[in-house]
Amino acid sequence: LRHESDRLAQRVAELRAREQRLDDVLIIALVGGSGVGKSTLLNALAGDTLAKTSEYRPCTSIPTVYHPPGTRLEFSTDTHNVSGSALEQLVIVDTPDSDTIEKAHRASVTQILQHCDLIMMCGDAEKYLDEATWSLLRPLQHERGIVCVETKASIAPSVREHWIARLKEEGFEPAQYFRVNSLRTFDRKIAGGTPDADEFDFPQLETYLQSELDREQIRRIKRSNASGLLSKTIATVHD
């Protein structure tokens, strides 16, 4: 086991850390390639401009962390913290683009993924299968829950079936799938309007975050993540 001892020690340390965090907030990482709308999704959820957005070039250089007031956070990378979330048990992190050529940005995404409990994988009809994102997620198979968010829904057909099939091929089983139009929701909230059908599943996404992810469900997600990590650790020792 000499060559595996360092990795085994890291996994045991992570298991102990996760045991201590069972009753803490659930950390959700928004992950995806450039231009898929991660920052717009965060802004739409908050109803405010928390993160810079651009449809054509990467805008997020460091993660934006949206958290409830008084939450203590310890990330191993630089972050832009925004206090004030009404989601009392959730922390949402907008990460840099996973397909960036900036090594520091990819390293930042990797660090956030190590800390998160749930990955909210963001994509659109043109970009949802990029290899750069898969390369970051593969090491976390069975160790993190996955929720898919198609961020720019329109009258065009959904990519849902193909996306979910590909995820399963990669060893991921999405817990939920939401098809939303984040920009329309954000514009509506800024204007003070009421939800519209053109926002697609955005009301359901908010219900999922506000109501379905209760204390017991959060513990269940964290236990499942720890179970996946433990199984991998046991398999390593066995091999």
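Here Ser61 clears all of (1) small (Gly, Ala, Ser); (2) over 30 Å from Asp198 (Cβ atoms); (3) modelled with pLDDT of 90 or more except the condition numbered (3).
The sole residue among Arg11, Arg72, Arg7 that is of a type in the set (Lys, Arg) and free of Cβ contacts under 8 Å to residues at least 12 places away in the same chain is Arg72. Within the range 163-189, being among the hydrophobic types (A, V, I, L, M, F, W, C) and either in contact with an Asp or Glu (Cβ under 8 Å, 6 or more places away or on another chain) or part of a strand (DSSP E or B) (or both) holds for Trp163, Leu167, Phe178, Val180.
Going by the structure shown, is Glu173 more than 15 Å from Gly37 (Cβ to Cβ), open to solvent by 80 Å² or more (accessible area, probe 1.4 Å) and under 17 Å from the mean Cα position of the chain (by Cα)? So Glu173 passes the test.
For the range 145-159, the criterion of being among the charged types (D, E, K, R) and closer than 19 Å to Leu30 by Cβ is met by at least one residue. Can you find even one residue in the range 213-231 that is open to solvent by 60 Å² or more (accessible area, probe 1.4 Å), in contact with a helix residue (DSSP H, G or I) (Cβ under 7 Å, 6 or more places away or on another chain) and modelled with pLDDT of 95 or more? Scanning the range 213-231 turns up no residue that is open to solvent by 60 Å² or more (accessible area, probe 1.4 Å), in contact with a helix residue (DSSP H, G or I) (Cβ under 7 Å, 6 or more places away or on another chain) and modelled with pLDDT of 95 or more. Looking at the range 65-162, the strands (runs of 3 or more DSSP E) lying wholly inside it that each contain 3 or more residues that are open to solvent by 20 Å² or more (accessible area, probe 1.4 Å) and either under 27 Å from Arg184 (Cα atoms) or not charged (D, E, K, R) (or both) sit at 80-83. One residue stands out in the range 190-212 among those that are touching a strand residue (DSSP E or B) at 6+ places or on another chain (Cβ under 6 Å) and outside any helix (DSSP H, G or I): the one that is surrounded by the fewest Cβ atoms within 10 Å (Cβ to Cβ), namely Asp201. Taking residues in the range 35-53 that are more than 9 Å from Asp94 (Cβ to Cβ), and partners anywhere that are open to solvent by 30 Å² or more (accessible area, probe 1.4 Å) and among the acidic types (Asp, Glu), the pairs with Cβ atoms closer than 7 Å and at least 6 places apart or on different chains are Gly35/Glu55.
Per this entry, Ala165 is counted among residues that are free of Cβ contacts under 8 Å to residues at least 24 places away in the same chain and hydrophobic (A, V, I, L, M, F, W, C). From the list Lys38, Lys52, Lys103, the one residue that fits, being at pLDDT 90 or above, at negative phi and basic (Lys, Arg), is Lys38.
The values are calculated or read from the model by the stated rules, or taken from the named source; none is laboratory data. Just so you know, these numbers come straight off a predicted model, no measurement behind them. So basically every Cβ, Gly included, is an ideal-geometry build from the backbone, and we count neighbours across all protein chains shown. In case anyone asks, the SASA skips ligands and DNA or RNA and just uses the protein heavy atoms, side chains included. Shrake-Rupley method; radii C 1.70, N 1.55, O 1.52, S 1.80 Å.
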